[in-house]
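This report concerns only the one structure given below.
The values are calculated or read from the model by the stated rules, or taken from the named source; none is laboratory data. Quantities reported herein were computed from a predicted structural model and do not represent experimental measurements. Positions of Cβ are backbone-derived with ideal geometry, glycine not excepted, and every protein chain shown enters the neighbour counts.
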Amino acid sequence: MKELALHILDVTENSIKAHATEIQIIIKEDIIKDLLTIEIKDNGDGMDEDTLAKVTDPFFTTRTTRKVGLGLSLFKTTALQCNGAFKINSKKGKGTTVVASFQHSHIDRAPMGNMEETIVTLITANKDIEYSYTHFSNNNKFEFNTMEIKKILRNVEITETTVLFWLKEYIKEGLQGVVKK
Amino acid sequence: MRTVKGLISRLDLELVAGEKAIGNDIKSVYIGDLLSWVMSHVKQKDVWITIQTNINVVAVAALGEVSCVIIAEGAEIEEITIKKAEQEDIPLLRSNLSAYDLAVEINKYLELK
């Protein structure tokens, strides 16, 4: 995928399908260690060991309409091609954590992409899920979570157009504040 | 009809795997290395030229129902990729030519009277 944000969207959609109610996205950019780490953690159905062993096999999918599923396989390949690593931990009934890391400066590393769009898309996909998004960039940190936003909104739906528009701007500005170009 | 078999002999391609399916006919050419992008743009019966050689290539080729995959510029191919192409009956070919040179030659073959 041309942007890492699209991989994040893809993995998080797996979490939604696995009935997660809380999803955490943690991104760490460390220029000194030359490392970019993306972690997506959910409290969904989780997987047994058999399934876990097969999820990055491109010929495995939970979908029945076709025989190949490439989401995690592509994410893994992308990470490995950028001198990174890829790991999935999962426990049936507990949830799943996907961690991908990349050499930050690797020439083939796709740009981060549009995270504000990704988060808003996820909120729209399922407004009852609590999302948290933390973005570290060296010593700076941007934090966002829907639980807090909903507390402030009280009776206003988080999926109201004006709210979503505001959220997008809020995340965009927040990220600009921590991620140095 | 233009087939993978005809292409192999005309361009002197190395047949790495998927011999059973070299009777596949070919319509056009697609060049791309970003697999997710290829997935949404490659067409049925395309000859797909790439320098990627991981196992996902076979999955994308199967999904896109391409007629064959040509690995350009002599890139080394992982063992698992070869095994899977054999299992999935996807002709996996290799050439020392660049993607551009391959496409030019395939075009000549496709336009033969």
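Quick look at the values:
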quantity: Only listed residue being surrounded by 21 or more Cβ atoms within 10 Å (Cβ to Cβ), under 22 Å from A:THR134 (Cβ atoms) and β-branched (Val, Ile, Thr), chosen from A:THR12, A:THR37; calculated: A:THR12
quantity: Failed item, numbered, when B:VAL38 is tested on (1) within 12 Å of chain A (Cβ to nearest Cβ); (2) of a type outside the set (S, T, N, Q); (3) touching a residue at least 60 places away in the same chain (Cβ under 8 Å); (4) surrounded by 17 or more Cβ atoms within 10 Å (Cβ to Cβ); calculated: (3)
quantity: Any hit, region A:156-164, residues being under 16 Å from A:ASN114 (Cβ atoms) and in a helix (DSSP H, G or I); calculated: yes
quantity: Condition met for B:LYS43 (part of a loop (DSSP other than H, G, I, E, B), modelled with pLDDT under 95 and more than 12 Å from chain A (Cβ to nearest Cβ)); calculated: no
quantity: Scope region A:83-109; condition within 15 Å of the chain's Cα centre (by Cα) and touching a residue at least 24 places away in the same chain (Cβ under 8 Å); matching residues; calculated: A:PHE86, A:ILE88, A:GLY95, A:THR96, A:THR97, A:VAL98, A:VAL99, A:ALA100, A:SER101, A:PHE102
quantity: Residue pairs meeting the criteria (Cβ under 8 Å; at least 6 apart or on separate chains; first surrounded by fewer than 21 Cβ atoms within 10 Å (Cβ to Cβ), in region A:15-29; second of a type in the set (Lys, Arg)); calculated: A:GLN24/A:LYS41; A:ILE26/A:LYS41
quantity: Residue tally, condition within 7 Å of chain A (Cβ to nearest Cβ), more than 12 Å from B:GLU88 (Cβ to Cβ) and assigned to a loop (DSSP other than H, G, I, E, B), over region B:51-66; calculated: 1
quantity: A:LEU80 more than 13 Å from the chain's Cα centre (by Cα) and surrounded by fewer than 21 Cβ atoms within 10 Å (Cβ to Cβ); calculated: yes
quantity: Residue satisfying all of: in region A:105-119; in contact with a strand residue (DSSP E or B) (Cβ under 9 Å, 6 or more places away or on another chain) and crowded, with 19+ Cβ neighbours inside 10 Å; nearest to A:TRP166 (Cα to Cα) among these; calculated: A:ILE119
quantity: Scan of region A:133-166 for residues that are under 27 Å from A:SER101 (Cα atoms) and buried (at least 17 other Cβ atoms within 10 Å of the Cβ), ordered by number; calculated: A:TYR133, A:HIS135, A:PHE136, A:SER137, A:PHE142, A:PHE144, A:THR146
quantity: Residue match in region B:17-28 (condition: assigned to a strand (DSSP E or B) and either in contact with a helix residue (DSSP H, G or I) (Cβ under 6 Å, 6 or more places away or on another chain) or more than 30 Å from A:ALA110 (Cα to Cα) (or both)); calculated: yes
quantity: Considering residues of region B:75-92 that are closer than 16 Å to B:ILE8 by Cβ and either in contact with a Cys (Cβ under 9 Å, 6 or more places away or on another chain) or surrounded by fewer than 14 Cβ atoms within 10 Å (Cβ to Cβ) (or both) only, the residue farthest from the other protein chains (Cβ to nearest Cβ); calculated: B:PRO91
quantity: Selected residue [assigned to a loop (DSSP other than H, G, I, E, B), crowded, with 17+ Cβ neighbours inside 10 Å and modelled with pLDDT of 95 or more] from B:LEU102, B:LEU97; calculated: B:LEU97
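Each row is one residue, and each column tells you yes or no for (1) assigned to a strand (DSSP E or B); (2) small (Gly, Ala, Ser).
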position: A:GLU13; (1), (2): no, no
position: A:ILE23; (1), (2): yes, no
position: A:GLU29; (1), (2): yes, no
position: A:LEU36; (1), (2): yes, no
position: A:GLY46; (1), (2): no, yes
